[in-house]
Amino acid sequence: MNYHIKNIELIFYFGVLFFSVLSCNPKSERSQETSRETTLQVEQVKPPYWWIGFESEELQLLVKSENIQGMDVTTNTPGVEIVQVHNADSPNYLFIDLKIHKNVTPGVIELLFSSSDEQSYTLDYELKKRTKLASEYKGFNSEDAIYLITPDRFANANPENDIQPNLQEQKINRNDNYARHGGDIQGITNHLDYIDNMGFTAIWSCPLRTNDMKRGSYHGYAITDHYQVDPRFGTLGEFKTLVKEADKRGIKFIMDQIVNHCGLYHWWMEDLPFDDWLNYQDDFLSGKPTKYSNHRRTVNQDIYASEIDKKEMIDGWFVETMPDLNHKNPFMAKFITQNSIWWIEELGLSGIRQDTYPYADKTFLSNWADRIMKEYPNFSIVGEEWSYNPLLIGYWQNDTNQKQGYVSNLSSTMDFAMLDNIKKGIYEDEAWDKGLIRIYDGLANDFHYPNPKAIMAMMDNHDMSRIYTELKGDIVQTKMALSTLLMLPRVPQIYYGTEILMQDFENPGDHGLIRTDFPGGWAGDTINAFTGKGLDKAQKDMQNFLKTLLNFRKQSSAIHHGKTIHFAPKDGVYFLFRIHNDDVVFLILNKNQAPISIDLERFEELNLKGKTFKNVISRAEFIWDKTLKVNHKGSYIFSSKLK
């Protein structure tokens, strides 16, 4: 920690900070011999430290200490002002509003706490110098390809951190899909070269903060300390090293955050600061049944929605072990917002993926994103709106001309609609309103999005049955889906293990099975996907297929910046072009089992006649003329610039 009580020894006992302090009477001089010593027990100071030079000079400190309510707080530090001190409903909290001028010298500032019985306590708080300019925090965009990792299931580099005696869940069992398996931060760091060589340019890791839950803590979505790395994953230092080592390889890091809820055993649950810190707090404290969200996410846009539907959606809990946070409480709103900024600054992040986006208060979400984007103008935030309706997805992407007047300040949303269209477009038999036409019509909805290229698209993730399973183990169809994903004007995300055909056939949709261990991440694994040892022919083929496409995509200006032109499916064939100056890349999706000759004169408007193209996978060349023969069902990507 970077705060302490001056003049007295700092004592750590059972993870709680004890500060011995010198009692003094400002009204009369007393000798050292007559002074009284008392002990102030400081349990929490959040944020634990801060930085100088933000756009906003405001900082609110949460200080938790027994019977701290009513104390005055002052400081003599030049350039630092105590604007206001707020008592909470609990007697054990103070919320202190500071103004930190940009010309303050980095270092330790002194805060003086004075109680009504004339005792005084000094608290040191560190203000750091920022190590990067705000403009240097670069977000993700359509040039990137994101690798999504469930860290507990990726690689265990340090078995010694698997069990932590002070945390509730005390077992590692790789045979139990819902137990912890031991993957950690160092395991990701150790395999950055693999991720880089595959062609990925960004990593999104599922949450790495402390989840001190009795069971099922491996997934990370029930946070019990917002400012602490779960020690079973590693240390803050290891987390910072991961981000720095990734950056050396040109890989961005996206942090998974959750503003909507916390874990049932969060440290504040034993002594909630305010009577409205949680939604339905009185019901929870009185032991009444949990009031769950109705999950009617359309209330955020529905002009006819009833107030009760809105309340049940936003205030209802996700599950009984994840208390729903009340963002209408201004102290909660500041706590969460400052926490996000703290992690961006501390780690040097490129983006945030915000979980369960429509479930939080949307006014808070707008203010939260606005504060972050004002501090980091080139940053990226993607919100999870799990909807197959483009109208709802587009609502959350920032648009100052939004019809309802809502300004989200959110740069990106998640394209579940296109996922569904691609999947159905590939596995359905061709008909007037089925099959490839779904991809064509789905992409036509891009007119609704303020910035389609900033939207994150995927074929599956940690909460969904894997695409290989969804397509019934059909490798050709799986390649068709992934080819389409990587050609779209989107930011593509691929879940770890997709490259080796990981699947959940045994129990489709089961979360524990979806999040299977990545082979080779544990000592003694007989199969090692990092090296290729033990992979079967189909797995190696898919790994090489994705590696080739991803590394091609990494260098393709047509895919990064090109305009998109597509042609309505005809005879079971769909063409999609990406064009940037003389760089032309096009995708063919062919659902015909028998060879087919395609009339290229249909595409005359593109002026491609005589242009040489090369197949990205096979490297076979052809010169664009009147016809193109395609012999097999599948996906084909051709480039005019491939060497």
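The values are calculated or read from the model by the stated rules, or taken from the named source; none is laboratory data. Computed from a prediction, not measured in an experiment: that's the story for all the values here. Note: ideal-geometry Cβ built from the backbone for every residue, glycine included; neighbour counts use all protein chains shown. To get the accessible areas, we keep the full protein, side chains included, count just its heavy atoms, and leave off ligands, DNA and RNA. Shrake-Rupley method; radii C 1.70, N 1.55, O 1.52, S 1.80 Å.
Taking the Cβ of Ala179 as the center, what net charge do the other residues with Cβ under 9 Å away carry, scoring Lys and Arg +1 and Asp and Glu -1?
Values: positive: Lys171, Arg174, Arg180, Arg215; negative: Glu169, Asp176.
Charge balance near Ala179 sits at +2.
The angle separating the long axis of helix 416-427 from the principal Cα axis of greatest extent in the chain is about 30 degrees.
Once the 1.4 Å probe is applied to the protein heavy atoms, the chain comes out at 42 Å² accessible per residue.
Could you calculate the contour length gain from Ser116 to Asp97, that is, 0.36 nm times the residue separation minus the distance between their Cα atoms, to one decimal place in nm? Display every interim value, and only then the final one.
Working: separation 19, 0.36 × 19 = 6.84 nm, distance 2.03 nm.
Fully extending the segment from Ser116 to Asp97 adds 4.8 nm.
Summarising the overall dimensions of region 267-387 from its C-alpha atoms, the Rg and Dmax are 15.4, 46 angstrom. Rounded to 0.05, the FRET efficiency of the Ala305 and Asp474 pair, given R0 = 35 Å and the Cβ-Cβ distance, is 0.30. Once the Cα atoms are used to define both axes, helix 475-487 deviates from the longest principal axis of the chain by about 70 degrees. Round to the nearest 10 and give me the degree value, 0 to 90, for the angle of helix 236-248's Cα axis relative to the longest principal axis of the chain. Computed tilt is about 40 degrees. Restriction of the trypsin sites (Lys or Arg not before Pro) in region 300-370 to DSSP coil positions whose beta-carbon has at most 14 other beta-carbons within 10 angstrom yields Lys328. Annotation: the antiparallel percentage among DSSP beta bridges lying fully within the chain is about 70.
Per the 1.4 Å probe, what fraction of the accessible area of region 322-364, in percent, lies on carbon and sulfur atoms? If you can, show how the numbers build up before the last one.
Numbers: 460 of 760 Å².
The computed percentage sits at 60.
A simple spin-label model places pseudo-atoms 7 Å from Cα toward Cβ; at Asp429 and Lys328 they are separated by 5.3 nm.
Where does the chain land at 222 nm, in deg cm²/dmol rounded to the nearest 500, when only DSSP H runs of n ≥ 4 count, each adding -39500 (n - 2.57), divided by all residues? Spell out each step's value before the answer.
Working: 15 runs with 142 residues, N = 643.
Calculated from helices alone, the mean residue ellipticity at 222 nm is -6500 deg cm²/dmol.
In region 132-264, the DSSP beta bridges split such that about 20 percent are antiparallel, to the nearest 5. Label region 251-308 by shape, choosing from rounded, prolate and oblate, from the square roots a ≥ b ≥ c of the eigenvalues of the Cα gyration tensor; if a/c is under 1.5 it is rounded, and otherwise prolate applies when a/b is larger than b/c, oblate when it is not. It is oblate, given that a/c is not under 1.5 and a/b is not larger than b/c. Carbon-plus-sulfur accessible fraction, region 112-249 (probe radius 1.4 Å, protein heavy atoms only): 44%. Applying the criteria of a DSSP loop state and at most 12 other Cβ atoms within 10 Å to the chymotrypsin sites (Phe, Trp or Tyr not before Pro) of region 50-134 yields no site. Counting Lys and Arg as +1 and Asp and Glu as -1, what is the net charge of the other residues whose Cβ lies under 12 Å from the Cβ of Asp571? Result for the neighbourhood of Asp571: +1.
Summarising the label geometry, the points placed 7 Å from Cα in the beta-carbon direction at Ala538 and Lys214 lie 4.2 nm from one another. Within region 495-592, report the chymotrypsin sites (Phe, Trp or Tyr not before Pro) that DSSP leaves as loop and that have at most 13 other Cβ atoms within 10 Å. Of the chymotrypsin sites (Phe, Trp or Tyr not before Pro), the ones in loops of region 495-592 whose Cβ has at most 13 other Cβ atoms within 10 Å are Phe505. Nonpolar atom fraction for region 512-643, defined as the carbon and sulfur part of the 1.4 Å probe accessible area, stands at 47 percent.
How much net charge surrounds Glu604 when only the other residues with a Cβ under 15 Å from the Cβ of Glu604 are counted, with Lys and Arg +1 and Asp and Glu -1? Counting the neighbours of Glu604, the net charge comes to +1. Listed options for mean projected area of the Cα convex hull in nm² are [x] 49.4; [y] 33.4; [z] 31.8. The value calculated from this structure is the one marked [z].
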